[in-house]
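First up is the structure itself, then whatever we jot down about it.
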Amino acid sequence: MPPATDPETEFERELQIFGDDVDVAIQCFYVWLTVHAAARKNRKVYDLLNRDAGFWNLAIGSIQANSLIALGRLFDRSRDSHNVNRLLKLAELNITIFSKAALRKRVEKRSPNAHQWIDDFMRNVYDPTTSDFKRLQSFVDARRKVYASCYKQLRDKVYAHKERTDISGFVAKTNTRELGRLLSAMQHLYNVLWDLLQNGRKPRLRPLRHSAGHRIERDTRKFLKSLVSPR
């Protein structure tokens with residue numbers, strides 16, 4: 001039987017898994033979105049995709065599927081899965097992970113010269129309460145409703161169970177702006193939790209001003225341009 005994991009190590013592991021799933025969902029979604037947008041706006045890109053349609057349909061379809069599967073993992077309610085509810089419950093039940101004493105130990109462990117500045121650093125550290133995590137849970141519950149009403153059916157019926165279903169109708173109804181906001185919200189939650197754990201900053205859920213996918217869109221456009229530009 002493997003040795004029991006202490007709550008802090010378990011939380012760090014769950015947070016990393018959550019962050020990895022958010023990153024996969026965001027990267028795949030914005031690559032898929034950017035390729036389709038480029039094909040509509042750029043005739044050379046459209047011709048490129050059409051010329052090797054079999055490959056591109058498989059590649060872009062797989063990318064789209066991976067995005068929705070990763071998103072589904074975030075909101076999965078299974079007890080044995082890594083999901084956002086498990087992450088927040090672990091934090092709420094082990095709130096001493098975020099105590100000033102625990103943070104001080106983490107900072108001193110990762111910074112050899114921490115003794116020179118840590119006292120000043122600790123003056124601005126926030127001690128969270130259970131109400132902070134309940135507020136984060138309410139934030140997630142609101143996004144879960146969006147996921148359940150718009151994307152769960154697509155993820156479950158088409159991808160998770162591999163049904164032989166034409167997905168064009170589902171995809172046509174997908175609100176890409178809304179899905180982008182949902183993914184950005186999950187990335188924002190990851191950043192808030194990471195900042196609380198590593199820097200002791202109060203978890204503030206500010207309005208999201210920028211898309212999480214700007215860099216991915218730029219890099220994808222650059223890649224497509226390299227494929228159609230004269231060599």
Among Ala37, Asn94, Val22, the residue whose Cα sits farthest towards the positive end of the charge dipole of the chain (+1 at Cβ of Lys and Arg, -1 at Cβ of Asp and Glu, taken about the Cα centre) is Ala37
Defining a contact as two alpha carbons under 8 Å apart and six or more residues distant in sequence, what relative contact order in percent does the chain show?
29 percent
Label point distance in nm, Asn175-Asn199, each placed 7 Å from Cα along Cα→Cβ
3.2 nm
Rg to Rh, two decimals, where segment 44-102 supplies the alpha carbon set and Rh follows Kirkwood
1.37
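If you take the square roots of the eigenvalues of the alpha-carbon gyration tensor of segment 21-64 and sort them as a ≥ b ≥ c, do you get rounded (a/c under 1.5), prolate (a/b over b/c) or oblate? It would help to have the intermediate numbers written out before the result.
Details: a/c = 4.39, a/b = 1.68, b/c = 2.61.
Oblate.
Could you tell me which trypsin sites (Lys or Arg not before Pro) in segment 59-118 are loop residues by DSSP with no more than 11 other beta carbons within 10 angstrom of their beta carbon? Walk me through the numbers on the way to the answer.
Values: sites: Arg73, Arg77, Arg79, Arg86, Lys89, Lys100, Arg104, Lys105, Arg106, Lys109, Arg110; in loops: Arg77, Arg79.
Hits after loop and neighbour filter: Arg77, Arg79.
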Once both labels are modelled 7 Å past Cα along the beta-carbon direction, what's the Ala37-Tyr126 spacing in nm?
3.2 nm
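Per-residue ellipticity at 222 nm for the chain, helices alone: DSSP H runs ≥ 4 residues times -39500 (n - 2.57), over residue total, nearest 500 deg cm²/dmol?
On the way: 10 runs with 158 residues, N = 231.
Calculated mean residue ellipticity at 222 nm is -22500 deg cm²/dmol.
Any read-out appearing in this document is the output of simple, stated calculations on the displayed coordinates, not a laboratory observation. Everything quoted here is computed from the prediction, not taken from an experiment. Counting neighbours? That spans all protein chains shown, and the Cβs are built from the backbone with ideal geometry, glycine included.
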